[in-house]
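So the structure is just underneath, and the comments pick up after that.
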Amino acid sequence: MVRRNKKISGPEALRSLDRALDDIRREEKQMTRLSADAASRIGRLREIEAEQFIALAELRLDPARKTEITGEISRAEKQARSILEAHEGQYNELGTRLDEIDGEIKSILAERAKAQAVYEKAEAELDALSGAVFKGLKTDEKYQAQLASSNEAKSIAEHALKKTEVAEKDRDEKGKPYREDPLFMYLWETGFGTSAYGGNNLVRYFDKMIAKMIRYHDAKPNFSILNEIPMRLREHAERLLEDADTEHAKLKKLEDKAFDAAGGKAYRLNSEKAEKEIAAIDEAQVRLEDERDELARKHTKLSDGGDSAYREAVETLTEGLQRETISELYDAARQTSSREDDLIIRKIDAVRAEILEQDDDINEAKVRLKTLAARRRELEDIEWEFKKSNFDDPRMKFDDDLVEDMLGEFLKGAITAAGYWGQWQDAQRGSGYTPRSSSSKNERSKSGPWSKGNLDFGSFGTPSSDFSRPRGSSRQGSKGTRKHGNFKTGGKF
C-alpha cells in the first residue's frame, strides 16, 4: 500500500518546530543537570579521599608529622568546600533564569497563537470580498499601471540578487588560493602598500622582501576586485529590493482602498494589527533565544567543571593529596598487611575509581551538550527562515513528513541544517499554493508578516547554506527581514 502523506498547514508546521526546540532545551537542561551532579559528586569524593588520608596519617605517622599532614589536608579541604559552595550557588542562579526564559518563550508563543487566530479570521472575511474587489481592479487603469511597476521592480531586484549570488560564489571559489596563502594574507591584513600600513622601518624592510618574493603587488589588485564586485552588487541589489518594497507598498495601498470601499476596512485593520503583534512577538522570541543561548553556554561550563572557580577548588584538593609525603604514605600502606591499612587503601582506591567514572559521565555529557546546542541553534535559524519566507502563512500546505521523518533525520544529524531547510524550500515550490496577488481574482496582495508579494526574493536556485537569523550584536545591522528572505547576513550552519 502506498502511503499518502497527510498535509499540514504552515502554522501547524511551525508549532512542530517549536515543540522540537522545546524538547531540545529540555534535554539540554537534563544533560546539564547530570553533568553538574557528576562534578558535584567528584568534589564530595575528593573530600572522602582526603578524610581517608587523614585516617591513614593517624595510623602510620608520628605525632609531629601527623599534625602537619592532617593540617595541610584539612586547610585544602576547607578552602575547596568554600569555593564549591559559591560555584553551586552561581550554577543554581543561572538555572533559575533559564527556567524563567523557557517559561517566557512558551508564554509568547501562546500569545502568537492568539494573534494568528485573529489574523486568520480577518483574512477569511477579506477572502470572501476579494473576488468582487479584484474584478473591479482589473479595469482600474491606475491600479493596473502600478501592478506593472511593482512586478517590474520585483523582477529587476530578483535578477540583481541572482547576479550577486554568482559574484559571491566566484569570490569564494577564486579567492580561496589567496586566502590559503599565509604570506599574502599577512600582507593583506596589515594593509601593506596602503595608507593603513603602520610597520616600522625594520618590519617594512622584511615585508618588502616578502612582497617581492610572492609578487604581492601583482596579486593584490585581483583579490581586491574579487572582494569589491560582490560587495557593490550586494549594495545595488539591496537598493533595488527597497525600490521593489516601495512599489509593492503603493500597490497594496490601492488594494486596501478598494477593500475598504467594499466594506472590508474593519477586517483589514484587524489583520494588520495581528500582523504587527506577531512581528513584535517574533522579535521578542529572538531576543529571549539569544539570552538563553548565552546563559546555556555559561551554565554548561559551570556544570562540567569548566569554569576557573571549580578548577581551582578541585586543584586545591588534588594538590593537597598529591604532596610527596602523602604519596609515600599511600605507597607504604599498600605494601603492608595491616588490616586497618588495607581497609583505608581499599576505600581510597574505590573513591578514585568512582572519580574516573564520574569524569567519563561528564565527558559524555559534554559531547551530547555540544550536539544539542548546535541542533538548537540550527533549528532556531531554520525557524527564523521559515517565518521570514512566510511559510507560516495559514494557506501554506506541507507534507507531514517534514515534521516527522525529515525532522527526526535532521535532529539525529543524518541530514544537515542546510539540507533540511532545502526540503522546506522544495516543498513550498511544489505546494501548489499561489501567493496572494492581483493576478488571481480570489486573492489579495499583502505586505505583512505573511506577505507573498516578496516571497520569491530569497527562493531562487538551490537551497543556500547561508542563514540570516540575527544573533546578539549583529541583530541591529541585519537586513535579513521577513519582507525579503534574501539571506543577506548571518553565519553558516
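The values are calculated or read from the model by the stated rules, or taken from the named source; none is laboratory data. None of the values given here were measured: they were computed from a predicted structure. Note that we place each Cβ from the backbone using ideal geometry, even for glycine, and neighbour counts take in every protein chain shown.
Data overview
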| quantity | calculated |
| --- | --- |
| Some residue of the stretch 189-209 being of a type in the set (Phe, Trp, Tyr), under 25 Å from Glu165 (Cα atoms) and either in contact with a Phe, Trp or Tyr (Cβ under 7 Å, 6 or more places away or on another chain) or surrounded by 11 or more Cβ atoms within 10 Å (Cβ to Cβ) (or both) | no |
| Test: residue in the stretch 140-148 that is without any contact (Cβ under 8 Å) to a residue 12 or more places away in the chain and crowded, with 17+ Cβ neighbours inside 10 Å | no |
| Given (1) in contact with a Gly (Cβ under 6 Å, 6 or more places away or on another chain); (2) assigned to a helix (DSSP H, G or I), number of the condition Gln116 does not satisfy | (1) |
| Among the residues listed as Phe410, Phe391, the single one being in a helix (DSSP H, G or I), under 30 Å from Glu289 (Cβ atoms) and either aromatic (Phe, Trp, Tyr) or at pLDDT below 85 (or both) | Phe410 |
| Filter result for the condition that a residue is under 30 Å from Glu291 (Cβ atoms) and touching a residue at least 24 places away in the same chain (Cβ under 8 Å), over Glu88, Glu93, Glu100, Glu125 | Glu88 |
| Every residue from the stretch 138-158 that is in a helix (DSSP H, G or I) and polar (S, T, N, Q) | Gln144, Gln146, Ser149, Ser150, Asn151, Ser155 |
| Residues (under 20 Å from Leu147 (Cα atoms) and of a type outside the set (D, E, K, R)) located in the stretch 235-251 | Leu240, Leu241, Ala244, Thr246, His248, Ala249, Leu251 |
| Yes/no for Arg311 being out of contact with any strand residue (DSSP E or B) (no Cβ under 7 Å at 6 or more places or on another chain) and modelled with pLDDT of 70 or more | no |
| Condition met for Ala365 (hydrophobic (A, V, I, L, M, F, W, C) and surrounded by fewer than 17 Cβ atoms within 10 Å (Cβ to Cβ)) | no |
| Flag for Ala153 being at pLDDT below 95 and either among the β-branched types (Val, Ile, Thr) or surrounded by 12 or more Cβ atoms within 10 Å (Cβ to Cβ) (or both) | no |
| Of all residues in the stretch 346-359 being in contact (Cβ under 8 Å) with a residue 60 or more places away in the chain and of a type in the set (A, V, I, L, M, F, W, C), the one that is nearest to Ile42 (Cα to Cα) | Ile355 |
| In the stretch 205-253, the residues that are of a type in the set (D, E, K, R) and closer than 15 Å to Phe192 by Cα | Asp207, Lys208, Lys212, Arg215, Asp218, Lys220 |
| Hey, Leu161 in a helix (DSSP H, G or I) and closer than 29 Å to Asp282 by Cβ or not | yes |
